[in-house]
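Structure first, then comments.
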Amino acid sequence: MEVYINPMLAAGVLKMTEPDNPTSRNQMYVTAEEAPEHGEA
């Protein structure tokens, strides 16, 4: 957790499926959708 998951959460690469209950036994992590680059349509 300290080496991989937490830094990726802080960087916005991953998102929690249940952010209101981070210690849930059903907690999963999914990749965050990337925002489109500036200037792209």
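Of all residue pairs spaced 6 or more apart or on separate chains, those with beta-carbon atoms under 6 Å, a first member in region 22-41 that is closer than 17 Å to LEU9 by Cα and assigned to a loop (DSSP other than H, G, I, E, B) and a second member that is hydroxyl-bearing (Ser, Thr, Tyr) and at pLDDT 65 or above are MET28/THR17. For region 1-21, a tally of residues being surrounded by 11 or more Cβ atoms within 10 Å (Cβ to Cβ) and either in contact (Cβ under 8 Å) with a residue 24 or more places away in the chain or acidic (Asp, Glu) (or both) returns 2.
The values are calculated or read from the model by the stated rules, or taken from the named source; none is laboratory data. Please read these numbers as outputs of a predicted model, since none were measured by experiment. A quick note on method: Cβ atoms are made from the backbone with ideal geometry, for glycine too, and the neighbour counts reach across all protein chains shown.
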